[in-house]
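One structure, as structure tokens, below. Some questions next.
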Amino acid sequence: MALSSPANFLPSLQLQFPSQRSSKTRSYRLAVRPITASVSEKPSVPPPPAAAAPPQKTKLPVRKIPGDYGLPFIGPIKDRQDYFYNQGRDEYFKSRAQKYQSTVFRANMPPGNFISSNPNVVVLLDGKSFPVLFDLSKVEKKDLFTGTYMPSTELTGGYRVLSYLDPSEPSHGKLKRLIFFLLKARRDHVIPEFHASYTDLFDTLESQLASKGKASFGEANEQAAFNFLARSLYGANPADTKLGSDGPKLIGKWVLMQISPLLVLGLPMLIEELVIHTFRLPPILIKKDYQKLYDFFYQSSTSTLEEAERIGISKEEACHNLLFTTCFNSFGGMKIFFPNMLKWIGRAGAKLHTELAQEIRSAVKSNGGEVTMAAMEQMPLMKSVVYESLRIEPPVASQYGRAKRDFIIESHDAAFEVKEGELLFGYQPFATKDPKIFDRPEEFVPSRFVGEEGEEKLRHVLWSNGPETESPTVGNKQCAGKDFVVLASRLLVVELFLRYDSFEIEVGKSPLGVAVTLTSLKRATF
């Protein structure tokens with residue numbers, strides 16, 4: 001994604017950090033994924049540069065990629081309005097796939113003019129073509145985390161953080177290795193701190209239900225998620241610091257500054273189009289809030305920052321990356337995915353709830369009454385429910401990659417020639433609901449991944465910027481926190497059904513994910 005010209009006239013964000021930085025200002029001309037941290041303990045070294053690939057052969061008919069980008073300036077605006085307002089995201093892709101009779105086609109992706117220098121993409125909607133976005137011999141991932149544009153680095157202390165780096169860049173391996181170090185060093189704190197933080201959440205929800213007859217999951221979840229991440233990964237309790245309970249609110253504003261060009265906030269269309277879809281919000285608006293977050297992470301990360309210096313990363317750069325990984329990737333993932341997962345489990349009804357409660361309580365009891373990794377491995381239905389939630393509504397819907405060279409990409413029905421430099425965009429909710437891969441793809445099937453046949457399908461669960469059957473390494477772009485996110489998601493289900501037999505919900509809309517309101521929590525009776 002390209003850093004468009006409006007970034008050049010945004011006010012400079014000069015933050016004061018408790019570490020020295022070079023007096024030279026670094027500038028990047030940027031040409032252009034939820035995320036987190038992994039319990040992977042043996043990250044591999046980056047692979048050597050790939051040799052020139054031989055010409056590809058395909059048995060499928062080679063088609064010209066259908067679709068077009070419309071007239072300059074006008075085409076991207078029209079597509080943006082279809083995407084956000086006239087059709088909505090899913091219908092935008094579905095209608096074009098039907099029109100072109102193809103799951104691979106050309107279109108424009110928001111935000112378009114002024115924010116993005118080039119909105120043209122090749123769209124991939126099926127489970128066969130989508131994985132090319134993970135093949136680093138064919139695609140580059142530099143500056144593509146948010147798609148066809150990149151937020152100003154003034155929002156991250158002047159640094160291009162890990163999510164925007166391609167594995168070919170020297171800093172990528174160092175920074176990803178640092179995240180692995182953090183997760184390994186703090187792994188023994190994850191389960192107990194999750195229990196403590198989400199016990200507080202359930203107490204809050206019960207109190208709201210008793211007084212109001214309903215309880216909003218979102219706000220309580222955000223506070224619990226941030227407390228859990230701070231306590232488990234950094235050994236810091238936000239309430240005991242200057243940050244207090246403000247963390248989630250500050251993160252929300254900071255994230256909004258970065259991804260507002262991709263959101264619909266519910267404002268009148270003309271206002272949204274002008275204010276957030278056409279021009280960038282100036283980073284100066286978030287300067288003080290970001291400073292508060294930075295100070296918290298710097299003061300709470302002493303041992304990790306010392307490790308960063310040992311592997312050749314300045315404390316300042318490391319701290320900005322720890323903040324981004326924790327607040328944007330991990331916290332953002334829990335903010336979006338936990339309500340989504342609760343929605344699907346809640347809608348599935350009391351029968352599933354009873355089955356989960358029986359399985360979870362039995363496994364915990366047989367493991368000495370403690371929630372452990374070993375106990376959770378004895379909960380196949382619980383694990384399947386988490387994977388099915390990640391399949392049917394992945395927390396990160398979009399993936400991008402820029403073609404390093406000419407190559408052939410295959411859908412189920414045809415082959416297409418992609419040219420060097422073209423930007424590929426995959427819409428994951430369609431790829432992971434591909435009817436040629438999954439039976440009843442639009443249904444939430446709790447037991448889908450139970451058993452040998454079900455586990456084989458996990459290679460088609462792609463939420464982490466890679467197949468669920470593979471692991472993050474310093475040489476790939478798979479989510480560094482893949483295993484951490486799965487573990488936290490499992491813990492939510494386990495804690496929920498250790499405490500309750502069943503629950504009922506109402507579901508509303510939210511700019512990110514869904515808004516879940518609990519209307520009933522039935523305490524455990526067995």
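When the residues of the range 365-395 are narrowed to those that are of a type outside the set (Lys, Arg), assigned to a helix (DSSP H, G or I) and open to solvent by 10 Å² or more (accessible area, probe 1.4 Å), which ends up nearest to residue 456 (Cα to Cα)?
387
Related question: Applying the selection to the range 114-153, what residues are in contact with a Ser or Thr (Cβ under 7 Å, 6 or more places away or on another chain) and among the polar types (S, T, N, Q)?
Correct list: 116, 117, 118, 129, 148.
Conditions tested, residue by residue: (1) open to solvent by 10 Å² or more (accessible area, probe 1.4 Å); (2) hydroxyl-bearing (Ser, Thr, Tyr).
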residue: 124; (1), (2): no, no
residue: 131; (1), (2): yes, no
residue: 134; (1), (2): yes, no
residue: 139; (1), (2): no, no
residue: 154; (1), (2): yes, no
residue: 168; (1), (2): yes, yes
residue: 181; (1), (2): yes, no
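Could you identify the single residue in 274, 285, 267 that is assigned to a helix (DSSP H, G or I), at pLDDT below 95 and open to solvent by 40 Å² or more (accessible area, probe 1.4 Å)?
Just a single option satisfies the conditions, and that option is 274.
If you don't mind, another one. Provide a single number: the residues in the range 424-448 that are farther than 25 Å from residue 67 by Cβ and either open to solvent by less than 10 Å² (accessible area, probe 1.4 Å) or among the small types (Gly, Ala, Ser) (or both).
Selection size over the range 424-448: 2.
Which is closer than 30 Å to residue 520 by Cα, open to solvent by 50 Å² or more (accessible area, probe 1.4 Å) and of a type in the set (Val, Ile, Thr), of 354, 302?
Residue meeting the stated conditions: 354.
From 174, 212, which residue is open to solvent by 60 Å² or more (accessible area, probe 1.4 Å) and either modelled with pLDDT under 95 or under 24 Å from the mean Cα position of the chain (by Cα) (or both)?
Just a single option satisfies the conditions, and that option is 174.
The values are calculated or read from the model by the stated rules, or taken from the named source; none is laboratory data. Everything numeric in this text was worked out from a predicted model, so none of it was measured. Neighbour counts are summed over all protein chains in view; Cβ atoms, including those assigned to glycine, are modelled from backbone coordinates with ideal geometry. Areas reflect the complete protein model, heavy atoms only, side chains present, ligands, DNA and RNA absent. Shrake-Rupley method; radii C 1.70, N 1.55, O 1.52, S 1.80 Å.
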